[in-house]
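The structure appears below as structure tokens.
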Amino acid sequence: MIPKSEIDEILSNYDKNNIAVATICAHSAAQIFQGARREGLKTIGLCTPEQRIIYDSFPEATPHEYIMVKEWADLLNEENQRQLVKRSAIVIPHGSHVSYLKNEKLQNDYYVPMLGNRQSLEWERDRDKQRRWLEKAGLKLPKEYKTQAEAGKKVFVKFPGAKGGSNYFTAESDKEVEEGLAELVKLGKISKEDAANRTIQEFMPGVRFYPHYFYSLTEDDRQIAYGLKEGRVELMGMDIRIEPIDESYRGLPNVPKKFFDYTVAGNEERIVREKLLADIFRMGISAVNVSKEKDFFPPGLTGPFCIETVHHPETGFVAFEISARIVAGTNLSTRGTPYEALTFPETTSTGRRIAMEIKNAIKQDKLEKIVY
Ligand code: AMP
């Protein structure tokens, strides 16, 4: 792991009047650029030729400058890193950093300052670590099993990493689990390693809510009364991911197998019954507090994150997953969300909130607290 002191040293040489926001042109980049532009920050798009049309087509989301690469792995090259540091750039990690870039390289060799705590990406990617984190935070999680027989009911089979739910499937017997895995390997959709590292969970019925949080270290400490150690956990919005399975009713009465697919295709906005917001805030506060503890990844989580949950009246909220960075569901927020309107006087998105946090941290002379 690249030491924090090395990143702080690089950051100390940055031109604080000319900080640039940089990110990979994918996932939530348009929103990040739009938000940074609104806040008057320079933006740099790390882009491949195929993706550039998207960002050139949205005038409010075109980065001021592109650094072009042939493939994503090239972003880790020395020259690209040097260019970013030269421009006083802070990289905003998102789902594409988790899925396209080799984690070891990102953790060990990537010396460009990143928003948040880069260790959190490792805690997100590793399902065992993630589980330990959420369990310590007191969240309810789907039960996990070695086999379907052990579960004795319908199970959900999933794979490591931020793969957008692709290839996840349900099974009602161990034969179905094994056949499902063998077929995916045969079709080249997953590696043998992925098959070996699959997770078997109980299938959770209920209503999904994916609350988007922002943990700010530049705002007032009003939630200390509710156990938060410092700063403010903001609720930015909420979505659900839309997946082919959500439209499976269209195939009734004989639903084609292709509808049994959990690959994310887009997102829809949600709000939750107001009384349930108390649980949503408590979950966020608790996840933040635990992340700061010594067995986890001090100084802990900062900036945007999301807890993917399903709610049922009998169980309350059960968390499938935590994303320790901006999630693509926040792309709904470029015109603001109902929850952002309750926190900020002006229309804000998570992208804009990131830029606001960077500016506030510069003003309060604590940029190193929100960057690693
Ligand atoms: P994840 O990558 O963990 O966010 O999961 C992707 C999608 O799979 C979720 O949006 C849910 O629709 C579904 N899912 C994940 N875990 C479970 C589970 N244990 N039970 C039922 N559905 C699940």
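The values are calculated or read from the model by the stated rules, or taken from the named source; none is laboratory data. Small disclaimer: the values here were computed from a predicted structure and weren't measured. Methodologically, a virtual Cβ is constructed for each residue, glycine included, from the backbone with ideal geometry; neighbour enumeration extends over all protein chains shown.
Brief remarks follow.
- All positions within region 306-339 that are within 11 Å of the ligand (Cβ to nearest atom) and part of a loop (DSSP other than H, G, I, E, B): Val327
- Residue tally, condition charged (D, E, K, R), outside any helix (DSSP H, G or I) and within 23 Å of the chain's Cα centre (by Cα), over region 75-104: 1
- Contact map, region 303-329: first residue in contact (Cβ under 8 Å) with a residue 60 or more places away in the chain and under 23 Å from Ser28 (Cβ atoms), second residue of a type in the set (Lys, Arg) and surrounded by 24 or more Cβ atoms within 10 Å (Cβ to Cβ), Cβ cut-off under 7 Å, separation 6 or more or different chains; pairs are Pro304/Arg325; Phe305/Arg325.
- Filtered by the rule that a residue be closer than 30 Å to Ala20 by Cβ and in a strand (DSSP E or B), region 106-144 gives Met114, Leu115.
To keep it simple, each residue is scored yes or no on (1) within 23 Å of Asn117 (Cβ to Cβ); (2) in contact with a Pro (Cβ under 8 Å, 6 or more places away or on another chain); (3) surrounded by 15 or more Cβ atoms within 10 Å (Cβ to Cβ).
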residue: Ser323; (1), (2), (3): yes, no, yes
residue: Pro345; (1), (2), (3): no, no, no
residue: Lys359; (1), (2), (3): yes, no, yes
residue: Asp365; (1), (2), (3): yes, no, no
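- Selection of region 166-179 for residues being closer than 22 Å to Glu308 by Cβ, surrounded by fewer than 18 Cβ atoms within 10 Å (Cβ to Cβ) and small (Gly, Ala, Ser) yields only Ser166.
- Candidates Leu121, Leu106, Leu139 - the one that is at pLDDT 95 or above, on the phi < 0 side of the Ramachandran plot and surrounded by 15 or more Cβ atoms within 10 Å (Cβ to Cβ): Leu139
- Matching residues in region 301-345 - criterion: being at pLDDT 95 or above and acidic (Asp, Glu): Glu308, Glu314, Glu340
- Residue match in region 27-48 (condition: in a loop (DSSP other than H, G, I, E, B), within 21 Å of Thr348 (Cβ to Cβ) and in contact with a Ser or Thr (Cβ under 8 Å, 6 or more places away or on another chain)): yes
- Test for Glu274: is it over 19 Å from the mean Cα position of the chain (by Cα) and either away from the ligand (no atom under 16 Å from the Cβ) or surrounded by fewer than 24 Cβ atoms within 10 Å (Cβ to Cβ) (or both): yes
- Some residue of region 212-229 being away from the ligand (no atom under 11 Å from the Cβ), part of a strand (DSSP E or B), of a type in the set (A, V, I, L, M, F, W, C) and closer than 28 Å to Lys102 by Cβ: yes
- Residue in region 117-139 that is closer than 27 Å to Ile200 by Cβ, in contact with a Ser or Thr (Cβ under 8 Å, 6 or more places away or on another chain) and aliphatic (A, V, I, L, M) present: yes
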